[in-house]
Amino acid sequence: MSLIGLRTGRIINSLSSSWRGLSTKVSIEDEFLTAALKRVPELGWTQACLVQAAKDLNLSPAAHGLFPGGEVELVHRFVKRSHQETASTLRKSTKKKDKEEGLRTEDVLAEGLKARLKILLPYRDRWHEAVALQAFPQNAKESLQHDLSFVDEIWNTAGDDSVDEAWYAKRVALLTAMKSSELTWIRDDTEEQIATNEFIERTIKSLVFGWKQIHDHLESTKAMLLTIRSTASSLLRSYQNGY
């Protein structure tokens, strides 16, 4: 076990008596994350936010060691939670709407991006800080993993069953749309972020249309190659038979 793991374990054990009044249905880390998120609008994604969360829960100041990665771990834990909540909401919504009215792929993709931003809304004024933290080279890998996992979940919910290179292309395309809409949302001053929603709808529509065009072109190319191959084989057999 690493030194950080041992330290975190000791902190959890030493604080266990302080948590008797807290719910036993969730982990200590989840309780701490919830407390910290309440302070983010005021203190931002900072170490001070973690320290204040410990105070709010009547814990030792050392409790911020539950997140050994500091402020960026706070961001990563929130991103993971928000993505899970968004994916769960999207699956339920998609299942219900699909039965009632039917859904297009672009509807599911757009709804997924919009639902994610709704969960981020309480932290909108501070989200640029989270974006900056995730962009640091030492944090980028984990941030990318969280985002790719999320767009994969959205595509799966939309019914995508790609198994070839299309699987990667679709997810990278949706990830690009997601990050673009996020930056638009941060700067959006329109009522209820109407401009962002319109941006998402336009972007997803273009993405799906473009992908269909590429897919149809590839299918046509495959069909043409098969025809050429078949014709060439017939000509070769005719030549061999002396015709």
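The values are calculated or read from the model by the stated rules, or taken from the named source; none is laboratory data. Treat the numbers as computed from the prediction; the structure is a model and nothing was measured. Neighbour counts are summed over all protein chains in view; Cβ atoms, including those assigned to glycine, are modelled from backbone coordinates with ideal geometry.
Data overview
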{"quantity": "Residue check for residue 110: touching a Ser or Thr at 6+ places or on another chain (Cβ under 9 Å), part of a helix (DSSP H, G or I), assigned by TED's automatic domain parsing to the domain that holds residue 193 and at negative phi", "calculated": "yes"}
{"quantity": "Counted residues, the range 144-198 - those being small (Gly, Ala, Ser), over 16 Å from residue 131 (Cα atoms) and either surrounded by fewer than 18 Cβ atoms within 10 Å (Cβ to Cβ) or not assigned by TED's automatic domain parsing to the domain that holds residue 117 (or both)", "calculated": "6"}
{"quantity": "Identity of the residue in the range 152-201, of a type in the set (Val, Ile, Thr) and part of a loop (DSSP other than H, G, I, E, B), that ends up modelled with the highest pLDDT", "calculated": "190"}
{"quantity": "Residue match in the range 127-136 (condition: at positive phi and in the same structural domain as residue 187 (by TED's automatic domain parsing))", "calculated": "no"}
{"quantity": "Residue among 62, 48 that alone is in a helix (DSSP H, G or I), touching a helix residue (DSSP H, G or I) at 6+ places or on another chain (Cβ under 9 Å) and free of Cβ contacts under 8 Å to residues at least 24 places away in the same chain", "calculated": "48"}
{"quantity": "Unique match (being closer than 30 Å to residue 68 by Cα, in contact with an Asp or Glu (Cβ under 9 Å, 6 or more places away or on another chain) and not acidic (Asp, Glu)) among 144, 133, 103", "calculated": "133"}
{"quantity": "Total residues in the range 51-77, condition under 12 Å from residue 29 (Cβ atoms), crowded, with 21+ Cβ neighbours inside 10 Å and either at pLDDT 90 or above or of a type in the set (D, E, K, R) (or both)", "calculated": "3"}
{"quantity": "Residue match in the range 75-88 (condition: in a helix (DSSP H, G or I), free of Cβ contacts under 8 Å to residues at least 24 places away in the same chain, under 30 Å from residue 201 (Cβ atoms) and assigned by TED's automatic domain parsing to the domain that holds residue 204)", "calculated": "yes"}
